[in-house]
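For reference, the structure is listed below as structure tokens.
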Amino acid sequence: MIDQPSSRDELRAVVTLVRRRWRLRAALRGAAIVLGVSVGWLVVGGFLLDAVRFSPAAILALRVLGYLAVTAVVAWYLIRPVIRKVTDEQVALYIEEHEPDLGTLVVSAVEQTRQAEPAAPGLAELIVADAVRRMHE
């Protein structure tokens, strides 16, 4: 006999999927910023090197500054947002910000799954099931 996944398991699966997409979106945004800064630094560095007539000291200094700048931008805009801990409540708020039709249903459902023993288990299960159904729509 195959067990059907419970509404709580489905809610966790949806929240996990949204969390992955959120991280992917943050990574793509960070990669775009890193690419933009890198290209910008190449252009600015080229103009600066031309202005100082490609002296060896300027080449070395601009190369070191470029590596430091790109490393800092990668750490700040790519790595930091991706490794940040995102709670289920934050994901639920993110879902509700992007789908206002859900109201506070997802946050309520996540809160119900957090409680070890809800006051009204039948009501909690209905809230979670309704949230899952509406998110799938």
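The values are calculated or read from the model by the stated rules, or taken from the named source; none is laboratory data. Keep in mind that what you see is a predicted model, and the values were worked out from it rather than measured. All Cβ positions, even for glycine, are placed from backbone atoms using ideal geometry, and neighbour counts span all protein chains on display. Please note that ligands, DNA and RNA were not included when accessible areas were found on the heavy atoms of the full protein model with its side chains. Shrake-Rupley method; radii C 1.70, N 1.55, O 1.52, S 1.80 Å.
What is the one condition in (1) closer than 29 Å to V110 by Cα; (2) part of a loop (DSSP other than H, G, I, E, B) that F54 does not satisfy?
If we test F54 against (1) closer than 29 Å to V110 by Cα; (2) part of a loop (DSSP other than H, G, I, E, B), just (1) comes out false.
Report whether or not V73 is touching a residue at least 40 places away in the same chain (Cβ under 8 Å), farther than 30 Å from G46 by Cα, of a type outside the set (S, T, Y) and in contact with a helix residue (DSSP H, G or I) (Cβ under 9 Å, 6 or more places away or on another chain).
Taking the combined requirement at face value, the residue does not satisfy it.
With respect to L62, is the statement that it is more than 21 Å from S6 (Cα to Cα), touching a helix residue (DSSP H, G or I) at 6+ places or on another chain (Cβ under 6 Å) and either assigned to a helix (DSSP H, G or I) or small (G, A, S) (or both) true?
Taking the combined requirement at face value, the residue satisfies it.
Condition test on G30, is it more than 30 Å from M135 (Cβ to Cβ) and surrounded by 14 or more Cβ atoms within 10 Å (Cβ to Cβ)?
Criteria not met by G30.
Considering only residues that are open to solvent by 40 Å² or more (accessible area, probe 1.4 Å) and touching a Phe, Trp or Tyr at 6+ places or on another chain (Cβ under 9 Å), which ones fall in the stretch 62-89?
Passing the criteria: L65, V70.
For the stretch 117-133, enumerate the residues that are in contact (Cβ under 8 Å) with a residue 12 or more places away in the chain and either open to solvent by 20 Å² or more (accessible area, probe 1.4 Å) or of a type outside the set (A, V, I, L, M, F, W, C) (or both).
Matches in the stretch 117-133: E125, I127, A129, D130.
Looking at the stretch 13-22, is at least one residue touching a Leu at 6+ places or on another chain (Cβ under 6 Å), hydrophobic (A, V, I, L, M, F, W, C) and either open to solvent by 100 Å² or more (accessible area, probe 1.4 Å) or at pLDDT below 95 (or both)?
no
Kindly establish whether V37 is surrounded by 12 or more Cβ atoms within 10 Å (Cβ to Cβ) and either touching a residue at least 40 places away in the same chain (Cβ under 8 Å) or of a type in the set (G, A, S) (or both).
In short, no.
Which of the residues belonging to the stretch 90-116 are open to solvent by less than 90 Å² (accessible area, probe 1.4 Å), at negative phi and free of Cβ contacts under 8 Å to residues at least 12 places away in the same chain?
Q90, E96, Q115
Looking only at the stretch 45-60, count how many residues are of a type in the set (G, A, S) and more than 21 Å from L35 (Cα to Cα).
Total satisfying the criteria: 4.
Would you mind telling me which numbered condition in (1) more than 17 Å from V132 (Cα to Cα); (2) among the aromatic types (F, W, Y); (3) at pLDDT below 95 W76 fails?
Every condition holds for W76 apart from (3).
Would you confirm whether or not the stretch 116-135 contains a residue that is within 30 Å of V39 (Cβ to Cβ), modelled with pLDDT of 80 or more and assigned to a helix (DSSP H, G or I)?
no
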